[in-house]
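Colleague: Sharing a structure here in structure tokens format.
The values are calculated or read from the model by the stated rules, or taken from the named source; none is laboratory data. Please read all numbers here as calculations on a predicted model, not as lab measurements. We place every Cβ from the backbone using ideal geometry, glycine too, and count neighbours over all the protein chains shown.
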């Protein structure tokens, strides 16, 4: 079964040693798991004062491969729109990824409004990182959480944007399932699915399976775990194919 | 063969949990699951009685697949009798401590001494948290203290102590402590890190079902382990910790 990983990263993580930090590591594990390519972001860019420097490095690493570049943006930085323009021109970016928890802003602030306008204009999807680590396991720094009210309000206010919610948990999806089902362009990835037995089976009963995209959050999370959640699910094989491959192709090309 | 050393039925959803666990055994080829019943953080005597009885019933219904850990609240004056009943009458094979006291609370000592007499392991919930730490929630340092006091006890520190980078080094020098990596933590590197710190011999497979299973199975499959090392984690180490 062909697969695409909508949530993968390359680079260093400052809080603990990551053993699979290189692009070759990512490609190897993708190959082993029959993954054609991934939507990849720079881990370094999350922490760089100028995130674009991390993205320049990422571009040098992934150029000429089937991997799609997702640009890291902190909309609190005054020149972020220039970065997006440059990212489109230089890196052929396929989306923009934000980290409100790490960069310390809420989704209802003015810069995020501007970001949404430009992404709608450019027809680029917005990847929203709900979390990078289990909140209980954070070290040194506690990122701000994004609650139901903030997320609901954001999604209701930006119907024009294609939004992919990364590392969102089952309970959080339940909280906003009506919005996910009613909006044609809101999606979730699988990387946050860890709290229940038979989670794909349960989720697809309440959320349209076409809204679920395979994403690993590798190298922070274990890729095999999320692959198995889909592969072993007692759902029709066409549903698995959609989650692993077809949904991403339909949405992101 | 695959032995899950750490799973639960939850008061309030027991029948639902039981059928999910049996379904998981069938779908994922799990040979045996060791269950304890839990519900509230600070259970009273009736709740403990009820949960252990439900586990006993489950063992009777599925003797090939289900084993039991006797859940004890060390605060209760009848806790020694609860342990006796669990092991002798209900044929449970270990003792489970959760969050009612730290595991090195003096009220735990006679229970651990009895477990040594019975030659059974003690499964200790341990979770170091950045947010939401409970008042008496055990962390790695408490497990280390208990291990040092009772070197002849066989202790299983659950969840790698929550945050592996906190818990595992705490128990590193205590060879009578095993760890499980059960629960909803699925960081890619936790298992590799743990093997580097304490070796593969002291890691047992646990899931925290009905919370998860494939997440933990995937961690073993992806870790930097030989097929022989995976077998040790999947069941061989569990046999040693269960039977000594």
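Colleague: For the condition touching a helix residue (DSSP H, G or I) at 6+ places or on another chain (Cβ under 9 Å) and surrounded by fewer than 20 Cβ atoms within 10 Å (Cβ to Cβ), what is the one hit in B:132, B:140, B:199? Reasoning before the result, please.
Modeller: Details: B:140 fails: surrounded by fewer than 20 Cβ atoms within 10 Å (Cβ to Cβ); B:199 fails: touching a helix residue (DSSP H, G or I) at 6+ places or on another chain (Cβ under 9 Å).
Of B:132, B:140, B:199, the one residue that is touching a helix residue (DSSP H, G or I) at 6+ places or on another chain (Cβ under 9 Å) and surrounded by fewer than 20 Cβ atoms within 10 Å (Cβ to Cβ) is B:132.
Colleague: On to the next question. If you go through region B:13-44, how many residues are under 22 Å from residue B:233 (Cβ atoms), touching a residue at least 40 places away in the same chain (Cβ under 8 Å) and assigned to a helix (DSSP H, G or I)?
Modeller: The first filter runs over region B:13-44 and keeps only residues under 22 Å from residue B:233 (Cβ atoms), leaving B:21, B:24-36.
Okay, now just the ones that are also touching a residue at least 40 places away in the same chain (Cβ under 8 Å), so B:21, B:24-25, B:28, B:30-31, B:33-34, B:36.
In the following step, the residues that additionally are assigned to a helix (DSSP H, G or I) were identified as B:21, B:24-25, B:28.
Selection size over region B:13-44: 4.
Colleague: Quick check: anything in region B:231-241 within 23 Å of residue B:121 (Cα to Cα), more than 14 Å from the chain's Cα centre (by Cα) and not in a helix (DSSP H, G or I)?
Modeller: No: region B:231-241 contains no residue that is within 23 Å of residue B:121 (Cα to Cα), more than 14 Å from the chain's Cα centre (by Cα) and not in a helix (DSSP H, G or I).
Colleague: Which ones in region B:76-91 are crowded, with 16+ Cβ neighbours inside 10 Å and under 22 Å from residue B:147 (Cα atoms)? So that I can check it myself, show each step before the final result.
Modeller: The first filter runs over region B:76-91 and keeps only residues crowded, with 16+ Cβ neighbours inside 10 Å, leaving B:76, B:79, B:82-83, B:85-87, B:90.
Those that are crowded, with 16+ Cβ neighbours inside 10 Å and under 22 Å from residue B:147 (Cα atoms): B:79, B:83, B:87.
Colleague: State yes or no: is residue A:27 within 14 Å of chain B (Cβ to nearest Cβ) and either surrounded by 16 or more Cβ atoms within 10 Å (Cβ to Cβ) or in a loop (DSSP other than H, G, I, E, B) (or both)?
Modeller: On the way: within 14 Å of chain B (Cβ to nearest Cβ): no; either surrounded by 16 or more Cβ atoms within 10 Å (Cβ to Cβ) or in a loop (DSSP other than H, G, I, E, B) (or both): yes.
Taking the combined requirement at face value, the residue does not satisfy it.
Colleague: Go through region A:20-29 and give me each residue that's within 14 Å of residue A:221 (Cβ to Cβ) and in contact with a helix residue (DSSP H, G or I) (Cβ under 6 Å, 6 or more places away or on another chain).
Modeller: The answer is A:29, and nothing else.
Colleague: Among A:202, A:232, A:224, which is buried (at least 22 other Cβ atoms within 10 Å of the Cβ), within 14 Å of chain B (Cβ to nearest Cβ) and under 29 Å from residue B:208 (Cα atoms)?
Modeller: Values: A:202 fails: buried (at least 22 other Cβ atoms within 10 Å of the Cβ); A:232 fails: buried (at least 22 other Cβ atoms within 10 Å of the Cβ).
On inspection, the qualifying residue turns out to be A:224.
Colleague: Of everything in region B:202-225, what is part of a loop (DSSP other than H, G, I, E, B), touching a helix residue (DSSP H, G or I) at 6+ places or on another chain (Cβ under 9 Å), facing chain A (nearest Cβ under 7 Å) and surrounded by fewer than 24 Cβ atoms within 10 Å (Cβ to Cβ)? Give them in sequence order.
Modeller: So the first thing to find is which residues in region B:202-225 are part of a loop (DSSP other than H, G, I, E, B), and the list is B:205-208, B:210-213, B:223-225.
When the remaining residues are screened for being touching a helix residue (DSSP H, G or I) at 6+ places or on another chain (Cβ under 9 Å), the result is B:205-208, B:210, B:212-213, B:223-225.
Then keep just the ones that are facing chain A (nearest Cβ under 7 Å); that gives B:210, B:212-213.
Correct list: B:210 only.
Colleague: Which of the residues that make up region A:49-88 are part of a loop (DSSP other than H, G, I, E, B) and more than 19 Å from the chain's Cα centre (by Cα)?
Modeller: Listed by number, the residues that qualify are A:49, A:50, A:63, A:64, A:65, A:76, A:77, A:78, A:79.
Colleague: Sticking with this one: Search region B:22-34 for residues being touching a helix residue (DSSP H, G or I) at 6+ places or on another chain (Cβ under 8 Å) and within 14 Å of chain A (Cβ to nearest Cβ), and hand back the single one that is surrounded by the most Cβ atoms within 10 Å (Cβ to Cβ).
Modeller: Applying the filter and picking the extreme gives B:33.
Colleague: Which of the following residues is out of contact with any strand residue (DSSP E or B) (no Cβ under 7 Å at 6 or more places or on another chain) and farther than 17 Å from residue A:44 by Cα: A:94, A:89? Walk me through it before giving the result.
Modeller: Details: A:94 fails: out of contact with any strand residue (DSSP E or B) (no Cβ under 7 Å at 6 or more places or on another chain).
Within the list A:94, A:89, the selection yields A:89.
Colleague: Filtering region A:120-140 down to residues that are more than 23 Å from residue A:190 (Cα to Cα) and touching a helix residue (DSSP H, G or I) at 6+ places or on another chain (Cβ under 8 Å), which residue is farthest from the other protein chains (Cβ to nearest Cβ)? Steps first, please.
Modeller: Our first condition is that a residue be more than 23 Å from residue A:190 (Cα to Cα); within region A:120-140, this holds for A:120-123, A:139-140.
Next, from what is left, pick out any that are touching a helix residue (DSSP H, G or I) at 6+ places or on another chain (Cβ under 8 Å): A:122, A:139.
Values: A:122: 33, A:139: 7 Å.
That would be A:122.
Colleague: Taking the condition surrounded by 17 or more Cβ atoms within 10 Å (Cβ to Cβ), part of a helix (DSSP H, G or I) and more than 14 Å from chain A (Cβ to nearest Cβ), does residue B:47 pass? I'd like the intermediate steps shown before the answer.
Modeller: Details: surrounded by 17 or more Cβ atoms within 10 Å (Cβ to Cβ): yes; part of a helix (DSSP H, G or I): yes; more than 14 Å from chain A (Cβ to nearest Cβ): yes.
Against the criterion (surrounded by 17 or more Cβ atoms within 10 Å (Cβ to Cβ), part of a helix (DSSP H, G or I) and more than 14 Å from chain A (Cβ to nearest Cβ)), residue B:47 qualifies.
Colleague: Further, regarding this structure: Do we have residue B:228 as more than 14 Å from the chain's Cα centre (by Cα), part of a helix (DSSP H, G or I), more than 14 Å from chain A (Cβ to nearest Cβ) and at negative phi here? Break it down into steps so the answer makes sense when it comes.
Modeller: Working: more than 14 Å from the chain's Cα centre (by Cα): yes; part of a helix (DSSP H, G or I): yes; more than 14 Å from chain A (Cβ to nearest Cβ): yes; at negative phi: yes.
So residue B:228 fits the description; yes.
Colleague: Still on this model: Return yes when residue B:154 is in contact (Cβ under 8 Å) with a residue 24 or more places away in the chain and out of contact with any helix residue (DSSP H, G or I) (no Cβ under 6 Å at 6 or more places or on another chain) and no when it is not. So that I can check it myself, show each step before the final result.
Modeller: Working: in contact (Cβ under 8 Å) with a residue 24 or more places away in the chain: yes; out of contact with any helix residue (DSSP H, G or I) (no Cβ under 6 Å at 6 or more places or on another chain): no.
Against the criterion (in contact (Cβ under 8 Å) with a residue 24 or more places away in the chain and out of contact with any helix residue (DSSP H, G or I) (no Cβ under 6 Å at 6 or more places or on another chain)), residue B:154 does not qualify.
Colleague: Taking residue B:54 as the residue in question, decide whether it is within 14 Å of another protein chain (Cβ to nearest Cβ) and either under 21 Å from residue A:198 (Cα atoms) or in a helix (DSSP H, G or I) (or both).
Modeller: Values: within 14 Å of another protein chain (Cβ to nearest Cβ): no; either under 21 Å from residue A:198 (Cα atoms) or in a helix (DSSP H, G or I) (or both): yes.
Judged against the criteria, residue B:54 is not a match.
Colleague: I'm trying to understand the selection: among the residues of region A:172-198, which are more than 25 Å from residue A:40 (Cβ to Cβ) and within 9 Å of chain B (Cβ to nearest Cβ)? Please lay out each step first, then the result.
Modeller: Just the residues of region A:172-198 that are more than 25 Å from residue A:40 (Cβ to Cβ), to begin with: A:174-179, A:181-184, A:195-198.
Within region A:172-198, A:195, A:196, A:197, A:198 meet the criteria.
Colleague: Next up: Considering every residue within region A:143-155, establish whether at least one is at pLDDT 95 or above, surrounded by 15 or more Cβ atoms within 10 Å (Cβ to Cβ) and within 14 Å of chain B (Cβ to nearest Cβ).
Modeller: yes
Colleague: Can you name the condition, by its number, that residue B:10 falls short on among (1) in contact with a strand residue (DSSP E or B) (Cβ under 7 Å, 6 or more places away or on another chain); (2) surrounded by fewer than 21 Cβ atoms within 10 Å (Cβ to Cβ); (3) more than 14 Å from every other protein chain (Cβ to nearest Cβ)?
Modeller: In the conditions (1) in contact with a strand residue (DSSP E or B) (Cβ under 7 Å, 6 or more places away or on another chain); (2) surrounded by fewer than 21 Cβ atoms within 10 Å (Cβ to Cβ); (3) more than 14 Å from every other protein chain (Cβ to nearest Cβ), residue B:10 misses (3) alone.
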